[in-house]
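Take a look at the structure below.
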Amino acid sequence: MIHFVLLIVCAVAIYLSCEWFVNAVEWLGERLNVGKTAVGTILAAFGTALPESVVTLVAVTTGGTEEAKNIGVGAAMGGPLALATVAYGVTGAVLLLKRRKERTSALVAAGGVGPDRFDPQALGSEKDMKRLAKDQKWFLPIFIVKVALGLVAFAFKPALGLLFFAAYAVYFWREIRGGQAEDGEEEELEPLKFQPKAVSPATWAVIAQTLVTLVVIFFASQLFVKQLDAIGPMLGLSASVTALLLSPIATELPEIMNAIIWVRQGKTKLALANISGAMMIQATVPSGLGLLFTTWHFDGALLWSGLITMAAIVYLLLTMRAHKLTPARLAVAAGFYVLFALGLIPILR
C-alpha cells in the first residue's frame, strides 16, 4: 500500500514542481534573450532531460556487469518511445478536453446556439506545422542511425558516439540562433513564483527557482521509478516488462507534465516544442554515452521499441507536413505505445 501512496505523492510533487519550473524557464528565456520556441526545445527540454542523461551516464560508466550497463541502453531507447507516443498522445488528449470545455462555455454564453467557433482545427498555422515537422526531420534520421548501429558490430563503433554529441550541438546552435526570428508577438509572463510581487524578478531568483525545481523533479522522478519497480511484480508484471513499459513513462513524466501545464495555459507551441526538443536530446546524448561505454547491441525488445518509435514519428511527420495535425490526430500517437505493449508479449515469452 505504501508504494501506491508514494507513487501518488511523487506524481503530485512532479506536477507542482513542473508548474514552478515552466514559470522559471520562461523568465530564464527572457533573461537569455532566446525565442519562445527555443524556451521549449532547448531550455525546458534540456532541464528535464538532464537528470535522465545523468542516470544513463551513471549506468553505463559504473555498471559492474554488461547487463547493468545495458540499463542505460534501455533508457536511451525507452525515452524517445515514450515521448513520441505517450507524451504527444497525452498532449493531444488534453487539447481535446480543453477545446471541448471552451466550446461548451461558448455555447452556454450564446444561449446554446451559434457557430462552433472552437471546432478542432490544425494545431497552428502552416508555418507552425513546418516548424514542428522540421524537428521531426532532424530526429528521424538520427534515430534511424541509432537503431542501425544497434544491429551491427565493428571496431570503431564506440567512437561514433561523439557524432551524436556533435549532432545535438548543431541542433542546439540552430535553435538558439533561429528561434528568436521565428517567434511572433511577445506574451506577458506570469509573475515569478519566488517573487510574485515583482514586475521584473531578479536574475538570481529566476536561476534559483529553476535549479530548485529541477532538483525536486529529479529526486521525485527517481522515487517514482522505484515505486513502479516495486509495484510491477505486485501486479504480476515481470521485471523486464516493468522496465520496458512503465519505467520510460515514469522517466519522461516531467516532459509530459510540462506539456499539460503549457496546454492548460494556452501555450500549445511551447508544449509541443518541449516534447520535440526532449526527443532530440534523448536521441543524441544518451545514445552517445551508450555507444562510448557499452556494446550497444539490441535484442528483439529494443529493436521493436525502435521500430514503433519510427512508425509514430513517420505518422506525425506526415500529418504535420500535410497541415492536418489536429488534437485528435495527435492523441492517436498514444496508440503506438499500445501496439508496442502488445508486440512485447510474444517477444518476452
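For Thr251, are the conditions met, namely being over 13 Å from the mean Cα position of the chain (by Cα) and hydroxyl-bearing (Ser, Thr, Tyr)?
No, not satisfied.
Residue pairs, Cβ under 6 Å, 6 or more apart or interchain, first in region 275-293 and among the aromatic types (Phe, Trp, Tyr), second at pLDDT below 90 and in a helix (DSSP H, G or I). List them.
Qualifying pairs under 6 Å: Phe293/Val60; Phe293/Thr61.
Taking region 286-311 as the search range and keeping residues that are touching a Phe, Trp or Tyr at 6+ places or on another chain (Cβ under 6 Å) and farther than 23 Å from Leu342 by Cα, which one is surrounded by the most Cβ atoms within 10 Å (Cβ to Cβ)?
The residue in question is Ser287.
Can you confirm whether Gly40 is touching a Pro at 6+ places or on another chain (Cβ under 8 Å) and of a type outside the set (A, V, I, L, M)?
It is false that Gly40 is touching a Pro at 6+ places or on another chain (Cβ under 8 Å) and of a type outside the set (A, V, I, L, M).
Can you tell me which residue within region 19-62, out of those that are more than 19 Å from Ser221 (Cβ to Cβ) and without any contact (Cβ under 8 Å) to a residue 60 or more places away in the chain, is surrounded by the fewest Cβ atoms within 10 Å (Cβ to Cβ)?
Ranking the qualifying residues of region 19-62, first place goes to Thr62.
Just for region 298-346: of the residues that are outside any helix (DSSP H, G or I) and not hydrophobic (A, V, I, L, M, F, W, C), which one is modelled with the lowest pLDDT?
His323
Could you say which residue among Leu192, Leu211, Leu245, Leu223 is modelled with pLDDT of 90 or more, more than 15 Å from the chain's Cα centre (by Cα), crowded, with 16+ Cβ neighbours inside 10 Å and aliphatic (A, V, I, L, M)?
The unique qualifying residue is Leu192.
The values are calculated or read from the model by the stated rules, or taken from the named source; none is laboratory data. For clarity, every value in this text was computed on a predicted model and none was experimentally measured. Heads up, the Cβs are rebuilt from the backbone with ideal geometry, glycines too, and the neighbour counts pull from every protein chain shown.
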